[in-house]
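Single-structure report; data block below.
Since every read-out is calculated from the coordinates, none of them should be taken as a lab result. Here the structure is a predicted model, which means the values were calculated and not measured. Cβ coordinates were reconstructed from backbone atoms using ideal geometry, including for glycine residues, and neighbour counts include every protein chain displayed.
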Amino acid sequence: MSALQNKVAIVTGGAGGIGSAITRQLAQAGAVVIVTYNSDPLKADALLATLPGNGHAVRQASVTDSASLAKLVGFVTETYGRLDILVNNAGITTPVPHDDLEGLTDEWIDRILQTNVRGTFAMIRACKSLLMADEGGLVVNISSIAGQTGLGSNVAYCASKAAIDSMTRSLARSLAPKIRVVSVAPGLVLGEYTSRFDPAFLQSNADLTPMDRLATAIDVANAVLALATTLTFTTGSIIPVDGGRTLL
């Protein structure tokens, strides 16, 4: 498959469960992918070794450090001279019951909002000029149905995803027609994060999903790939990957 031949993509947090699936899908479609990581180079390097094609790279870049992002963009400019796809996948959370207001500390609120919201905006801001060049580019923000339902790992996480979706709409309007901006909003995704969850909790969520299962990282990656290859007239949308979970 070569639908993305000669295209260059950045996937932030690209070595995580969802990020690695997105990275592989883009590479298999012919794109050159730059995988960013915050603190685990070994994991990122291991992913790099498995990718098909040539020219892929791993770079350390913290989305909360604008100087770090400037270095990343400088590397992409000097090495590839273009950027076609930016996938804002980096994000953090921690489980805190929604009624435990004291348990959601100021420090965690700040960390979640800085990484998930400010970090997403900072990446788009840093990459804007590259994405504006030539035919223009695509930004995919990995959101969550928690931004719509208010159900998620904690209140701040849900708020951060709602903010990302609002940002998607605002920037899709202001950066059009050169840059498309779309949110992909999965429900609960099986993988690294949910591997620590009680199996009964996972099953109860699957039982509440019309498609009778939970999402996988591949489901999310397929949505990103579709936006890059076939859904090319889509911008400003929030695309759920939840098996119909929000219908109930």
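Sorting check: for 212-219, 107-114, which peptide has the highest mean count of neighbouring beta carbons within 10 Å, and how do the rest follow?
Output ranking for 212-219, 107-114: 212-219, 107-114.
How far is the Cα center of segment 7-27 from the Cα center of segment 173-220, in Å?
16
Going 7 Å from the Cα of ARG196 in the Cα-to-Cβ direction, what parts of segment 4-42 have a backbone nitrogen less than 15 Å from that spot?
17
May I ask for the net charge around GLY236, where only other residues with Cβ less than 13 Å from the Cβ of GLY236 are counted and Lys, Arg are +1 while Asp, Glu are -1?
Taking every other residue near GLY236 into account, the sum is +2.
Taking the Cβ of SER160 as the center, what net charge do the other residues with Cβ under 14 Å away carry, scoring Lys and Arg +1 and Asp and Glu -1?
+1
Quick check: convex hull over the Cα atoms of the chain, volume per residue in Å³, rounded to an integer?
Per-residue hull volume (Cα only) is 124 Å³.
Where does each of 155-164, 18-27, 59-68 land if you order them by average Cβ count within 10 Å, highest first?
Averaged packing, sorted descending, gives the order 18-27, 155-164, 59-68.
What percentage of all Cα-Cα pairs in segment 1-56 are separated by more than 17 Å?
25
Sort 39-46, 83-90 for me by packing, meaning the mean count of neighbouring Cβ atoms within 10 Å per residue, highest on top.
Highest to lowest by the protection proxy: 83-90, 39-46.
Can you compute the charge dipole magnitude of segment 134-248 about its Cα centre, using +1 on each Lys and Arg Cβ and -1 on each Asp and Glu Cβ, nothing else charged? Give it in debye, rounded to the nearest 20.
Here the size comes out at about 340 debye.
Quick check for you: which residues of segment 86-104 have the amide N under 11 Å from the point 7 Å beyond the Cα of LEU151 toward its beta carbon?
Backbone N within reach: none found.
Using the basic label-point model (7 angstrom from Cα toward the beta carbon), what is the ALA206 to ASP65 distance in nanometres?
In this crude label model, ALA206 to ASP65 measures out at 4.0 nm.
Work through the residues other than THR93 whose Cβ is under 12 Å from its Cβ and net out their charges, Lys, Arg +1 and Asp, Glu -1.
+2
Give me the extension gain from THR94 to SER170: residue separation times 0.36 nm, minus the current Cα-Cα distance, reported in nm with one decimal.
Contour length minus the Cα-Cα distance gives 24.6 nm.
Between ALA3 and MET132, take the C-beta separation as r, use R0 = 22 Å, and let me know the FRET efficiency to the nearest 0.05.
0.50
With 21 Å as the cut-off, how large is the P(r) tail for segment 162-248, expressed as percent of Cα-Cα pairs?
Value for segment 162-248: 40 percent of Cα pairs lie more than 21 Å apart.
Once Rh is set to the Kirkwood radius over Cα pairs, what Stokes-Einstein translational diffusion coefficient, in µm²/s, holds for segment 105-218 at a temperature of 4 °C and a viscosity of 1.567 mPa s?
It comes out at roughly 83 µm²/s.
Mean Kyte-Doolittle of at least -0.5 and a Cα length of 15 Å or more along the axis: which whole DSSP H helices of the chain meet both?
Answer set is 17-28, 66-79, 119-132, 155-175, 217-229.
Show me the three semi-axes of the equivalent ellipsoid for segment 28-167, from the C-alpha gyration tensor (sqrt of 5 times each eigenvalue), largest first, rounded to whole Å.
Three semi-axes, in Å: 30, 16, 14.
Under a GNM of the chain (C-alpha, springs under 10 Å), which listed residue has the highest mean-square fluctuation: VAL33, VAL96, VAL139?
VAL96
Using a Gaussian network model of the chain with C-alpha springs under 10 Å, which one of ALA226, ALA29, ALA172 is most mobile by mean-square fluctuation?
ALA226
With r defined as the distance between the Cβ atoms of THR50 and THR230 and R0 fixed at 35 Å, what FRET efficiency is calculated, to the nearest 0.05?
The value I calculate is 0.85.
Contact order normalised by length for the chain, with contacts defined as Cα pairs under 8 Å and 6 or more residues apart; what percent is it?
Here the relative contact order equals 19 percent.
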